[in-house]
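The values are calculated or read from the model by the stated rules, or taken from the named source; none is laboratory data. Small disclaimer: the values here were computed from a predicted structure and weren't measured. Methodologically, a virtual Cβ is constructed for each residue, glycine included, from the backbone with ideal geometry; neighbour enumeration extends over all protein chains shown.
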Amino acid sequence: MALLEVQEVAKAFGSLKAVDGVSFEVEAGEIFGIAGPNGSGKSTLFNIVTGIPFGPDRGRVRLDGVEIQGRSGNAIAKLGLARTFQRETSFDGLTVFENALIGATYGGSVRATALAEERAAEALEFVGLGAPSFGRLAGELSVFERKCLMLATAVAMQPRILLLDEPASSLTKPEIEASIGLIRRIAARGITIVLIEHVLTFLMSLSQHLMVLNNGQVLARGRPAEVIADSRVVEAYLGTRRPAA
Amino acid sequence: MTRPIGTPGRASWKEEAVGMVLGLVVLALLPFLFTDTYSRHVLIMVFIYAVVASNWDLSLGYGGVFNFGHLALFGIGVYAYGLLTKLAGLDPWLALVASGIVATAAAILVTIPILRLKGIYIILVTFGFAQLVMQVILSQSDYTGGTQGMVRIPGLYWFDHNMVRDGKFAYFFLALGLLAASTLFLRVIVRSRIGAGIVALRDNEEYAIARGISLVRQRMITLAASAFFTGMAGAFYAAYQRNASIDVFGMSLATIILSMVLLGGTSTIYGAIIASFVLTVFAELMADFGAWRPIITALLIIVVMLAYPTGLAGLIRAGWAATAGRLRRAAPAARPARTG
């Protein structure tokens, strides 16, 4: 049985079908990539899977066999499904350490203070935010540091599956390289990863399986090398070649 | 093995406790410095306002919930105490605590319609809630006295001590005790995981939910926690003044208390307390200026907010940082030069 099963989910905003009958499965331990041009429905798909800020209009989402569609976003998070956001996001009024503590205590449901603190500290050090940065306000961090902090708060939850929404956006090339390494290390901890990215090289270097969306529907799915060779995918990304005059 | 980390980037509980005790000792010495009844009355009012303002800071500053019904919780405390002591004949001390509980229940009730709302819509609903409470009180004039209010409400007692003829000595210390208990309660909350959750939800609602925070539960906790001591302050006010008036629901008092929260600097608790002291004492000093008094006070608030958008707390922090910097720079110079 797959860890995450998404069946025929759909979400419409008025007459716009943002996600239209998408199905996919993610096996435990794998890195599953989701690609697609801007407006193809990738982030909306994450929203309806996580229930943040809304669930699907129809379809089913199962986490380890348990149906989660219709549950509140925080309840889904506590079940072990964590997500990040496209923009670097942090709790700016809290320190770096307090940010990670939120992940450990709420999402990770750790009641004991010392254990929560240890888990938060470990998660921060794991993403490269060492002890000297613990007392800094999150709002003072750079874009890359905030992206790392967002990952640390997710790692502190000790989730079973982590949905990453364009982790490479707004980053420089060396930072993207560092992000790839970090995501590999998160996967090595046994956390299943679903990754949205429209930079195909980023996805190719990480994913074991790839799904491409276009206009809210699944365009192609399979091994990354096969998927990017698919003429429909090439067309969605690059458009059709104009016939020679 | 677990290792305690503490609160990096924040003052430790030990440091804060020392500051709190020192502040409490200074305040406790004031009635020995100001022996006249009027000065003590002003200080009692400072403490009551400080409780209301600092509790508002929890929901408005820390929680980011524009609860414009906060003063209604104070008013509920005033009338709950009046009704419980005068009509139900409840012991004043029990009524004091019960009024806090009634205000908390009212806060939980008002949370329900604002759960899914944001910004201006929360203002609208909570303001409507305040008006609704006032109308209910006015309509039940047989019990509440309507526009006339309630008079001869039983005051508090302290064994056989004469609370009326002691130059407001006992009421001063009871008000100080209320402020101390409320401040300790608020600081424990804001330093706890609940407090971090309140701030997280304010900073980014969707991200907070994605990290397992329940919007419903957290918002209810925020408003309920800010209501208990506000209701008790209302009850204390009724016991001290021995009357209840519909004026407590007016915009005038709400504006004064809101000014205290903003002037003090939000998300500090202490800032609201300091501003309560500054604004109340300043208003008393300006008494001879008549109609100019509110104008001068408003100008003072504007000047402070322009210079220090983080309020008096920001001003104090900046002053403290500058002094600490000067001391650090002076320290190497004072050290004798090494030779050889």
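Numerical summary
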| item | result |
| --- | --- |
| Restricting segment A:65-94 to residues that are assigned to a helix (DSSP H, G or I) and buried (at least 18 other Cβ atoms within 10 Å of the Cβ), the residue that is farthest from the other protein chains (Cβ to nearest Cβ) | A:Ile76 |
| Filtered residues of segment A:118-131 (kept if farther than 20 Å from A:Arg160 by Cα and at the interface with another protein chain (Cβ under 9 Å from one of its Cβ atoms)) | A:Ala131 |
| Residue list for segment A:135-181, restricted to those being touching an Asp or Glu at 6+ places or on another chain (Cβ under 8 Å), surrounded by fewer than 17 Cβ atoms within 10 Å (Cβ to Cβ) and within 12 Å of chain B (Cβ to nearest Cβ) | A:Leu137, A:Gly139 |
| Per-region count, segment B:126-169, residues assigned to a helix (DSSP H, G or I) and surrounded by fewer than 19 Cβ atoms within 10 Å (Cβ to Cβ) | 16 |
| Residue match in segment A:91-99 (condition: under 20 Å from the mean Cα position of the chain (by Cα) and free of Cβ contacts under 8 Å to residues at least 60 places away in the same chain) | yes |
| Of residues in segment A:46-64 being within 15 Å of A:Leu162 (Cβ to Cβ) and within 13 Å of the chain's Cα centre (by Cα), the one farthest from the other protein chains (Cβ to nearest Cβ) | A:Val49 |
| Residue ranges of helices (runs of 4 or more DSSP H) in segment B:1-111 with at least 2 members buried (at least 20 other Cβ atoms within 10 Å of the Cβ), more than 22 Å from the chain's Cα centre (by Cα) and within 14 Å of another protein chain (Cβ to nearest Cβ) | none |
| Any hit, segment A:195-202, residues being within 21 Å of A:Arg87 (Cβ to Cβ) and without any contact (Cβ under 8 Å) to a residue 40 or more places away in the chain | yes |
| Which numbered condition B:Leu327 misses (of (1) over 30 Å from B:Val164 (Cβ atoms); (2) surrounded by 11 or more Cβ atoms within 10 Å (Cβ to Cβ); (3) at pLDDT below 90) | (2) |
| Selected residue (criterion: surrounded by the fewest Cβ atoms within 10 Å (Cβ to Cβ)) from residues of segment A:107-127 that are under 19 Å from the mean Cα position of the chain (by Cα) and of a type outside the set (Val, Ile, Thr) | A:Phe126 |
